[in-house]
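This report concerns only the one structure given below.
The values are calculated or read from the model by the stated rules, or taken from the named source; none is laboratory data. Values in this document were obtained by computation on a predicted structure and should not be read as measured data. Counting neighbours? That spans all protein chains shown, and the Cβs are built from the backbone with ideal geometry, glycine included.
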Amino acid sequence: MIKNYTVSAKNLRAAANACYSKSKHGLLAMFANDERQIHGKFAIYCLFDGRNPEEMLSVKALVDDQEAPEYPSLTPIIPAAAWFEREIHDLFGLTALENKDLRPLVLHENWPQGLYPMRKDFAVEAVVPEAHKDFPLAHAHGEGVFEVPVGPIHAGIIEPGHFRFSQAGETTFRLDAKLFFTHRGIEKIVEGQTIEQALFSAERICGACSVSHALSFCQTVESISKAIVPERANVIRVIVAELERLYNHIGDVGNLCAGLGFSVGTSHGARLKEHLMRLNDAVTGNRFLRGMIIPGGVRYDLSGGLIEEIYKTLKRTESDFREVVGLLEENDQFLDRVNTTGILPFQAAKELGVVGVAARASGVDYDLRRDKPYSGYAWITCNVPFYRSGDVAARLWVRVDETLESIRIVRQMLERIVLTQTDLAVEIPPLEPYKAGIGWSESARGGNIHWLMTGKDNTIYRYFVRSASYANWPALPVAVPGNIIPDFPLINKSFELCYACLDR
Amino acid sequence: MFLDNIMVLFVKALFLTVMAPLVAGLIKKCKAILQNRRGPGVFQLYFDIAKWLSKDSVISPTTSWIFKVAPFIYFACAVGAAGLSPLILFTGITVWPADLFMVLYLFVLSRFSLALASLDAGSAFGGMGGSREMYIAALVEPALLLTMLTVAFKAHSTNIMDMTVSVAGGAGGLSVIFAAAAFFIILLAETGRIPVDNPDTHLELTMVHEGMILEYSGRRLGLIVWASAIKQLVLIVIFSTLFLPWTPAIGGGASQIAWFVGKILLTAGGLALSETLANKMRLFKVPGFLAVAGLLALLAIVAGVD
């Protein structure tokens, strides 16, 4: 249930503050929408989660760009708004007053000044001339201080991102990142597309959380149309969502070992992940579990043979995974590297609105599966492991505990699936124009929040995606300073931040 | 006699230079098998070096002559050390300049030239690699010297040939075990292996040796990689001759050669195993690790006193 509040631009801060104090996890998303075609003004939306499991709070502030394209900044009261406001400034040209840091974020030095791609009067096929602006990065001065630029092209198979370390010897004391190198403009492209077409783009926002993005998108559509998803579909949705979490978490544990050159762990992680991805392929016909989730339900059924196969793979995965974890827990050399490395303090995690594994490792006890149950999660008790130390080790142990918890959830769901009716999906009726809906799901990295406004003829007017990585990237420059630069890859891997989720 | 000695020196250098990539390949293969991978073939490094040597180098315009010359110095030092190594498959010939300090200082010179070159291009990774290499070197070199001296004390000579003969005379003992353990730690550090450095990493920020040579390409890179393999083989030969003294390879008998090759393979396998079992330690914990080598060497000296 969404509670909508509409205010004028100058009252945005007061309204947001009131919702902020009533919310559990704080600001979930903040974005603009060019609604001049509807009522002549821009709108700034701020989404908060309410204290009740069902409740979402949405504050909408109207900004008249003829008067002044600006609104009061939320960053002074809600630090999590910092990146959102920079993005709105880049893409819509709306200025957050009193935000001292409105440096470019999404658009780089080659994008011309004064061209705002998310406004409706910017055509998708427009040819953009190349500009040569500045792209200032945070840095530091002083005797003996030097900068280490890294990327955007890296030596491994990683997406592009540029990091600027300010160093005093081996110790990093400042870090800034330049991201969004391969921004695809998915939010822009889907405008005017039908729901069915847009699903393909939504599912491909990110490889590693395909299910989560597809699920969030479909739930958005279902919340607008008030469609009731059949029970069996909800069970299958939970199963594939947990399969996604499993292969990600196990792969991430292995990758973490690669970050410190522990090859036994790396090999086992890769092996177990491969088994799970083959299972994914058997279940959905796609190693990344794509194509399973559609608006109104799921596309394929789980037959008895597949259920057997899932049971078998889970059994083998569980015992092997426990063995690998045992190797890590008893390895002092390994523990020495991960303990007390890259600490993200509780306060920072809370104020920056950090989500997922990173939040739960820093003492923020929050998981959308338990706190805002969706799909079939309301039927089960979801144990949420959380640690307080906020270091690399804590993020590792959260992943380990969640992996075992995931296996338990899948088993529960497999027991339930045999009791359900065979309906897989309901028809989604034509959607009423200019209606907004919110969908959310907990991916392996944290909550993916989708917001969608329908246009005429069952099309999309505006689509906004707040991915888990979008919320967590700003935490990295907090966790890294004070550590030595050779520990950066390890810290970075423990957050497991996604570039594609930013480049949506 | 003098000419004979020069010949032996030359033959040894040539032999180790040719064999070095094979030993490096063997270690890689062993590691791959231990880690459940197939790994590249044992001759892969020969193909890689041949490829690099036939390619042009891309040289940053900000570099000076040091950058261009350093790989040649590095290679020459490695080949020189190979010539002086205790590879005794010939009886009755004592090579004149094969002094322990000569070998050690050839290593120092090669490291110095590469560290200098790493700073030359002015890139951040090169500088970081160079500074880390010198930081580790300052700890490795005393430990290496001390370990070698445990043998030199007993031989009453720092001539490597004398040392080898002396070791061959009286094998075993507590002293040898301590010294061998100490030298193995140094072997890990000097060849840039886990837990000190990671030869297989792609993470620029953690690199030591790889960071230093990041700016190199083409034939200069080929020379550096080849020279690193030679240096590694020389150290393995020193280890297996002076610190695994059982059934010494003096003279050219078939069983001696077999023992010698066996020890080389054993050492290579040991390197692969230790790299698989360990993970990289924090950079600032490396001194403690190398201090263990120094301490073991000291114990070896004490235990060696009759």
I need a count of the residues in region A:309-344 that are touching a Lys or Arg at 6+ places or on another chain (Cβ under 8 Å), at pLDDT below 90 and surrounded by fewer than 20 Cβ atoms within 10 Å (Cβ to Cβ). 1
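This table checks each residue for (1) part of a strand (DSSP E or B); (2) modelled with pLDDT of 85 or more; (3) out of contact with any strand residue (DSSP E or B) (no Cβ under 8 Å at 6 or more places or on another chain).
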residue	(1), (2), (3)
A:65	no, no, no
A:68	no, no, yes
A:71	yes, yes, no
A:102	no, yes, no
A:106	no, yes, yes
A:115	no, yes, yes
A:122	no, yes, yes
A:127	no, yes, yes
A:134	no, yes, yes
Candidate set: region B:274-294, residues that are of a type in the set (A, V, I, L, M) and part of a helix (DSSP H, G or I); chosen: the one nearest to the other protein chains (Cβ to nearest Cβ): B:283
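Yes/no matrix, rows are residues, columns are (1) under 30 Å from residue A:270 (Cα atoms); (2) outside any helix (DSSP H, G or I); (3) more than 14 Å from every other protein chain (Cβ to nearest Cβ):
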| position | (1), (2), (3) |
| --- | --- |
| B:16 | no, no, yes |
| B:25 | yes, no, yes |
| B:28 | yes, no, no |
| B:38 | yes, yes, no |
| B:42 | yes, yes, yes |
| B:68 | no, no, yes |
| B:78 | no, no, yes |
Residue B:92 in a helix (DSSP H, G or I) and at pLDDT below 90: no
Considering B:235, B:188, B:174, which residue is within 14 Å of chain A (Cβ to nearest Cβ), among the aliphatic types (A, V, I, L, M) and either out of contact with any Leu (no Cβ under 9 Å at 6 or more places or on another chain) or over 26 Å from residue A:158 (Cα atoms) (or both)? B:188
In this structure, does residue B:32 turn out to be within 14 Å of chain A (Cβ to nearest Cβ), farther than 27 Å from residue B:161 by Cβ and either in contact with a Gly (Cβ under 6 Å, 6 or more places away or on another chain) or surrounded by fewer than 19 Cβ atoms within 10 Å (Cβ to Cβ) (or both)? yes
For region B:119-134: of the residues being in a helix (DSSP H, G or I) and in contact with a Leu (Cβ under 8 Å, 6 or more places away or on another chain), which is surrounded by the fewest Cβ atoms within 10 Å (Cβ to Cβ)? B:127
Taking into account only those residues within region A:155-193 that are in contact with a Ser or Thr (Cβ under 8 Å, 6 or more places away or on another chain) and hydroxyl-bearing (Ser, Thr, Tyr), which is nearest to the other protein chains (Cβ to nearest Cβ)? A:172
Mind listing just one residue for me: the one in region A:208-235 that is within 30 Å of residue A:158 (Cα to Cα) and in contact with a Cys (Cβ under 9 Å, 6 or more places away or on another chain) and, of those, surrounded by the most Cβ atoms within 10 Å (Cβ to Cβ)? A:212
Qualifying positions in region A:175-201 - in a loop (DSSP other than H, G, I, E, B) and either farther than 18 Å from residue A:216 by Cα or among the basic types (Lys, Arg) (or both): A:179, A:180, A:181, A:182, A:183, A:184, A:185, A:192
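Each row is one residue, and each column tells you yes or no for (1) farther than 30 Å from residue A:305 by Cβ; (2) touching a strand residue (DSSP E or B) at 6+ places or on another chain (Cβ under 8 Å).
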| position | (1), (2) |
| --- | --- |
| A:401 | yes, no |
| A:406 | no, no |
| A:415 | no, no |
| A:436 | yes, yes |
| A:439 | yes, yes |
| A:455 | yes, yes |
| A:485 | yes, yes |
| A:493 | yes, no |
Which ones in region A:37-54 are outside any strand (DSSP E or B) and under 17 Å from residue A:452 (Cα atoms)? A:37, A:38
Give the residue that is surrounded by the fewest Cβ atoms within 10 Å (Cβ to Cβ), with candidates limited to residues of region B:191-216 that are away from every other protein chain (no Cβ under 14 Å) and part of a loop (DSSP other than H, G, I, E, B). B:191
Given the conditions (1) under 30 Å from residue A:23 (Cβ atoms); (2) in contact (Cβ under 8 Å) with a residue 24 or more places away in the chain; (3) away from chain B (no Cβ under 14 Å), report the number of the one that residue A:370 does not fulfil. (2)
Run residue A:123 past the list (1) in contact (Cβ under 8 Å) with a residue 60 or more places away in the chain; (2) closer than 20 Å to residue A:187 by Cβ and report the number of the one that doesn't hold. (1)
In region A:138-154, residue surrounded by the fewest Cβ atoms within 10 Å (Cβ to Cβ) [restricted to those that are closer than 29 Å to residue A:208 by Cα and within 25 Å of the chain's Cα centre (by Cα)]: A:153
Matching residues in region A:159-182 (surrounded by fewer than 17 Cβ atoms within 10 Å (Cβ to Cβ) and free of Cβ contacts under 8 Å to residues at least 40 places away in the same chain) number 2
When the residues of region A:255-270 are narrowed to those that are without any contact (Cβ under 8 Å) to a residue 40 or more places away in the chain and surrounded by fewer than 23 Cβ atoms within 10 Å (Cβ to Cβ), which ends up nearest to the other protein chains (Cβ to nearest Cβ)? A:267
List every residue pair whose Cβ atoms sit under 9 Å apart, with the two residues 6 or more apart in sequence or on different chains, where the first one lies in region A:31-56 and is free of Cβ contacts under 8 Å to residues at least 24 places away in the same chain and the second, anywhere, is surrounded by fewer than 18 Cβ atoms within 10 Å (Cβ to Cβ) and polar (S, T, N, Q). A:43/A:6
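Yes/no matrix, rows are residues, columns are (1) under 17 Å from residue B:80 (Cα atoms); (2) in contact with a Leu (Cβ under 7 Å, 6 or more places away or on another chain); (3) surrounded by fewer than 16 Cβ atoms within 10 Å (Cβ to Cβ):
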| residue | (1), (2), (3) |
| --- | --- |
| B:6 | yes, no, yes |
| B:10 | yes, no, yes |
| B:14 | yes, no, yes |
| B:19 | yes, yes, no |
| B:28 | no, no, no |
| B:40 | no, no, yes |
| B:45 | no, no, no |
Return yes when residue A:152 is more than 25 Å from residue A:461 (Cα to Cα) and within 14 Å of chain B (Cβ to nearest Cβ) and no when it is not. yes
Against the condition modelled with pLDDT under 90 and surrounded by fewer than 22 Cβ atoms within 10 Å (Cβ to Cβ), how does residue B:151 come out, does it pass? no
